[in-house]
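Visitor: Take a look at the following structure, please.
Nothing in this text is a laboratory measurement; each read-out follows from the coordinates by a stated rule. This one's a predicted model, so the numbers in the text were calculated from it and none came from an experiment. Neighbour counts run over all protein chains shown; Cβ positions are idealised from the backbone, glycine included.
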Amino acid sequence: MEYNSKEIEQKWQNYWSENQSFEPSDDQSKEKKYILSMFPYPSGRIHMGHVRNYCLGDAFARHFRKSNYNVLHPIGWDSFGMPAENAAIKNKLHPKKWTYENIDYMRDELRALGLSFSENQEFATSDELYTKWEQEFIIKMFEEGLLYRKSTTVNWCPHDLTVLANEQLEEGCCWRCGTEVVQKEMPGYYIGITKYAQELLDDLKLLENDWPSQVLTMQENWIGRSEGLEFKFQIDYDSRMKLDRQFTKYLVFTTRPDTIYGVSYSALAPEHPIVKYIVEHNLLPQKKINAIKEMQKVSERDRATQEKEGISLEIDVVHPLTGEKIPVWVANFVLSSYGGGAVMAVPAHDQRDFEFAKKYDLPIKQVISGPEGLIENPTEAYTGEGELINSESFTGLQNTKAKKAIMYHFEQNSYGVKKINFKLRDWGVSRQRYWGAPIPFVHCDDCGLVPEKTENLPIALPEDVEITGEGNPLDSHPTWKHTNCPKCGKPATRETDTLDTFVQSSWYFLRYATDHKKWNDVGISKEDSKYWMDVDQYIGGIEHAILHLLYARFFTKVLRDLGYTESTEPFKRLLTQGMVLKDGAKMSKSKGNVVDPDLIVEKYGADTARLFILFAAPPTKELEWNDSAVDGSFRFIKRFFERSANVTNEAVANFKNIDHSSLDKDEKDARKKVYEALEKSNEVFTKTYTFNTLIASCMEALNALQTQKNELVWAEGYYVLTNILEPIIPHTCWELSKELFNLENFGEKLEIKEEVFTLDSISLAVTINGKKRCEIEVSPSASKDEILAMAKEVGAKWIDGKEIIKEIVVPNKLVNLVVKG
């Protein structure tokens, strides 16, 4: 048999499609497996990262499908987003046309890899039917108080007339046009993810055994729970006058109340209301005002990597316990999104505060005594445990006890309260762009903000728009935004913001879990969700470890509480695959190191691409592209295919009756290698994910088969190996299985033959004074005396005429004889 990858692959891809081989069964009494890879953005062509992701997912789906599970393995398209608008501007093409043409092209590319996706369950998130149900969820979240509208300071590009996320800023400028970004107060929509902060944190425990610890840690840190003290700094009289009596106090949160007597200054975020008031009313010298404005232009993310900068606001607050005046500064390291945007600064016991104080010559007051006692001229902050000093009545307490005592003192005297804070902020979901899901609200002069009636959903995008990159086409459309109020019927205006695309990817897995025949009638079928959820195996890049996974976990909990699902966590097991590299760098067009998957499939075939991508490295590690290894993968498949000529019809009819005891050593070794590969397969798909070790085991088995000539052993070997390798090189294995076994070996879960692991003999190394000299073959049941006798006989030339002073037998490993003379 000659291996012809093109002919074989086209044949079986057509067969699978015509027979709907990969559609899940409607029988919900069967045990299920829901296998899901993170869906792609339809950018136009697949890349090697896609190939790795989807080949991993496909291997799981095929394995469990052959093991008689009801398997849901869907694919779809994360199709809204700014790249489509950028392409529309560049190519003068409508975003919808560009997106759906890309989907058609990429679907064919994925099909050419032989991926076993359900065709019926496919959708794009820009489909109006998907938008319809998403808008229903949004309205229900609004009615439950989980979605709200508020004004906040945003990054605004005055050229493109759009809000920019922090990650779209490049040195304070718009990433697209290069215009300097300004801070602008704008209304936007927010989802109250902070209401679920504690549950999101607590439920990480449910995932401890099946998610990478790195991901769990990243999520825990992002949620950022901290317990501490919240209190108010009263603004002193002269400063209140300077602020036109508009402010009398502000809130501060600290996790270190034990250090409160060491406060030497307070710092506010550049966006704090007091700072904004000072800037707007020019209450400082112009040089300082300009410096604060420059500070406000920099995103919080970029500030985190900048040198600490600050400006004195020339106002003071009063220490709540000592009554001392504390100077107030604006500082770039203070975040408006955490703790109210204000901090008490204790430079003696916080390194960040210390560096700032040193830079601006501010006092440093030590209030915790460590092993070295009071330090006159500290070179860094002391952040360890110790005894309080210079802390009035709390002096002498261990700082861990002082935390509780000082918080109790604050609460008893109504100075402050014990509080739990989270770094997690509510999720801003509104975007000023066209290619996104419209937010289903109407602005009415009489009724205010009103949700659209559910019977009018979906609110679809108008198609007669021109994308220029300047402003939001929905806002400037002549008719689309004009409507009537769903509540009073008077003329009103539609919301022209669209939803963040993270919203679409936060519930798509629940849509897949709803039978496509029900999609017109429900967004999520609770019955189907109960059967299919949770996703049994989720696969995607580590770059999605925080936001996507966190939002998906949050949405699942919200939709549970809204009655759509009973699921609490969306993904049982998570595999985060590593990047594909070439020449030590991530593949990218800008680096000129991209390998086109289409060209690999054209030259070698899909099975070669699949085998290489799963064999070259463990899936969680980075994979370095290697042209010679691709060629090696092709040669293995060709050899595997062509050696099948050793399997005869007569052997196929009789191999299940092999008498193992009658086989010679090579025949027994070959059977053992085959079943070791089967054992490895079961382990890889349920525990380790190390497909490279499974493939290596199959290669060893094929090598072992070639050292013997028993046709029955060949037939059994191919019966098992085509089953094991089908998830990895499916076209080749279906062709061989059909030709040799009429696909019989794909319809059953193969059992391990324990007889093959029963050894006729074992090899033991013989060492003299610790140095290996020879080996002996003994029966597994041989006694110690029998083993020693044989070792002395075989090793006679190294011990003749010498006194044996010690004899050691290590079972199943070695014999060591210690001699002298």
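Visitor: Taking 0.36 nm per intervening residue step and subtracting the Cα-Cα distance, what contour gain separates Asp475 from Tyr360 on full extension?
Guide: The span from Asp475 to Tyr360 would gain 36.6 nm if fully extended.
Visitor: FRET efficiency for Glu411 and Thr383, Cβ-Cβ distance as r, R0 = 25 Å, nearest 0.05? Display every interim value, and only then the final one.
Guide: Numbers: r = 26 Å, r/R0 = 1.02.
Once the sixth-power term is evaluated, E becomes 0.45.
Visitor: Could I ask something else about it? Rounded if a/c is under 1.5, else prolate if a/b is larger than b/c, else oblate: which is the range 28-150, with a ≥ b ≥ c the root eigenvalues of its Cα gyration tensor?
Guide: oblate
Visitor: Compactness ratio of the range 749-805: Cα Rg over 2.2 N^0.38 Å, N = residue count?
Guide: 1.54
Visitor: Using the Cα centre of the chain as the reference point, and only Cβ charges (+1 on K/R, -1 on D/E), how large is the resulting charge dipole? Debye, rounded to the nearest 20.
Guide: So the magnitude is around 1340 debye.
Visitor: For the range 545-574, list residues with backbone N below 20 Å from a point placed 7 Å from the Cα of Lys586 toward its Cβ?
Guide: In the range 545-574, the label zone of Lys586 (backbone N under 20 Å from the point 7 Å along Cα→Cβ) covers 545-551.
Visitor: Shifting gears a bit: Using a Förster distance of 60 Å, how high is the FRET efficiency between Ile375 and Glu803, based on the Cβ-Cβ distance and rounded to 0.05? All intermediate terms of the calculation are to be shown ahead of the outcome.
Guide: Values: r = 69 Å, r/R0 = 1.16.
According to the calculation, E is roughly 0.30.
Visitor: What number of lysine-lysine pairs in the range 323-427 show an alpha-carbon separation below 22 angstrom, given a sequence spacing of 8 or more or placement on distinct chains?
Guide: 13
Visitor: Got a sec? How would Ile368, Ile542 order by Cβ neighbour count within 10 Å, fewest to most?
Guide: Arranged by neighbour count, lowest to highest, Ile368, Ile542 become Ile542, Ile368.
Visitor: Now for a different question. Ratio to report: Rg/Rh of the range 543-596, with Cα atoms as the point set and Rh obtained by the Kirkwood method; give two decimals.
Guide: My calculation puts Rg/Rh at 1.25.
Visitor: Something else about it: Work out how far the C-alpha atoms of the chain reach from end to end along every principal axis, then list the three figures in whole Å, largest first.
Guide: Principal extents (Cα only, largest first): 102, 82, 49 Å.
Visitor: Further question: Provide the percentage of antiparallel DSSP beta bridges, counting only those with both residues in the chain; round to the nearest 5.
Guide: 75
Visitor: Follow-up. Sum up the charges of everything whose Cβ sits under 15 Å from the Cβ of Ala59, counting Lys and Arg as +1 and Asp and Glu as -1, but leave Ala59 out.
Guide: With Lys, Arg at +1 and Asp, Glu at -1, the neighbours total +4.
Visitor: Cut-off is 10 Å between beta-carbons; in what order do Met295, Met579, Met186, Met241 appear when sorted fewest neighbours first? Numbers along the way, then the final one.
Guide: On the way: Met295 20, Met579 17, Met186 14, Met241 11.
Exposure proxy ranking, most exposed first: Met241, Met186, Met579, Met295.
Visitor: Next question. How many percent of Cα pairs in the range 101-256 exceed 21 Å?
Guide: That fraction is 77 percent.
Visitor: In addition: Hey, if you put +1 on the Cβ of every Lys and Arg and -1 on every Asp and Glu Cβ in the range 397-547, which of Ile546, Ala405, Ile467 ends up farthest toward the positive end of that dipole?
Guide: The residue sitting farthest along the positive end of the dipole is Ala405.
Visitor: Sticking with this structure for a sec: State the answer as a single residue: which of Gln219, Ser17, Asn377 lies farthest towards the positive end of the charge dipole of the chain, with beta carbon charges of +1 for Lys and Arg and -1 for Asp and Glu, about the Cα centre.
Guide: Asn377
Visitor: With the dipole of the chain worked out from charges on the C-beta (+1 for Lys and Arg, -1 for Asp and Glu) around the Cα centre, which of Ala492, Asn70, Ala629 lies farthest toward the positive end?
Guide: Going by the Cα projections, it comes out as Ala492.
Visitor: For labels at Gln246 and Gln20 in the simple 7 Å Cα→Cβ model, what's the distance in nm?
Guide: Label at Gln246, label at Gln20, 6.6 nm between them.
Visitor: Shifting gears a bit: If you filter the range 59-107 for trypsin sites (Lys or Arg not before Pro), then keep DSSP loop positions with at most 15 other Cβ within 10 Å, what is left? Mind dumping the intermediate values first?
Guide: Numbers: sites: Arg62, Arg65, Lys66, Lys90, Lys92, Lys96, Lys97, Arg107; in loops: Lys92.
Within the range 59-107, the qualifying trypsin sites (Lys or Arg not before Pro) (loop, at most 15 other Cβ atoms within 10 Å) are Lys92.
Visitor: What dipole magnitude, in Debye to the nearest 20, does the range 149-199 give about its Cα centre under +1 on Lys/Arg Cβ and -1 on Asp/Glu Cβ?
Guide: 340
Visitor: Would you mind working out the magnitude of the charge dipole of the range 762-820 relative to its Cα centre, with +1 at each Lys and Arg C-beta and -1 at each Asp and Glu C-beta, to the nearest 20 Debye?
Guide: Roughly 340 debye, rounded to the nearest 20.
Visitor: What distance in nm separates the two pseudo spin-label positions at Glu650 and Val819, each 7 Å out from Cα along the beta-carbon direction?
Guide: 5.3
Visitor: Still on this structure, I have one more. With a ≥ b ≥ c taken as the square roots of the eigenvalues of the C-alpha gyration tensor of the range 313-369, please select rounded if a/c is under 1.5 and otherwise prolate if a/b is larger than b/c or oblate if it is not?
Guide: Working: a/c = 1.38, a/b = 1.10, b/c = 1.25.
Rounded is the answer for the range 313-369, as its axis ratio a/c remains below 1.5.
Visitor: Using 0.36 nm per residue of separation minus the Cα-Cα distance, give me the extension gain between Lys490 and Leu750 in nm, one decimal.
Guide: 86.7 nm
Visitor: Given axes a ≥ b ≥ c from the Cα gyration tensor, I'd like to know whether the range 442-569 is rounded (a/c under 1.5), prolate (a/b larger than b/c) or oblate.
Guide: Here the range 442-569 falls in the prolate category.
Visitor: Using Cα pairs under 8 angstrom and six or more residues apart, how large is the relative contact order of the chain, in percent?
Guide: Dividing the mean separation by the residue count of the chain yields 14 percent.
Visitor: Just the ratio, please: alpha-carbon radius of gyration of the range 225-422 over 2.2 N^0.38 Å, N its number of residues. Before the final figure, lay out each step's value.
Guide: Details: Rg = 16.6 Å, N = 198, 2.2 N^0.38 = 16.4 Å.
This ratio for the range 225-422 stands at 1.01.
Visitor: Mind grabbing the base-10 log of I(q)/I(0) for the range 84-178 at q = 0.10 Å⁻¹? Debye formula, identical points on the C-alpha positions, no solvent, two decimal places.
Guide: The Debye formula, applied to the Cα set alone, gives -0.51.
Visitor: May I ask you to sort Val522, Val503 by Cβ crowding, counting other Cβ atoms within 10 Å and putting the fewest first? Walk me through the numbers before you get to the answer.
Guide: Working: Val522 16, Val503 22.
Fewest-to-most Cβ neighbours within 10 Å comes out as Val522, Val503.
Visitor: What residues from the range 406-442 fall in the zone where the backbone N is under 15 Å from a label point 7 Å along the Cα-to-C-beta line of Gln198?
Guide: Zone members listed by number: 418-423.
Visitor: Once fully extended, how much extra length lies between Ser226 and Asn209, figured as 0.36 nm per residue of separation less the alpha-carbon to alpha-carbon distance?
Guide: 3.6 nm
Visitor: I would also like to ask the following. With everything on Cα atoms, drop me the angle between helix 128-143 and the longest principal axis of the chain, reported from 0 to 90° to the nearest 10.
Guide: Taking the Cα atoms of the chain, the angle to 128-143 is about 50 degrees.
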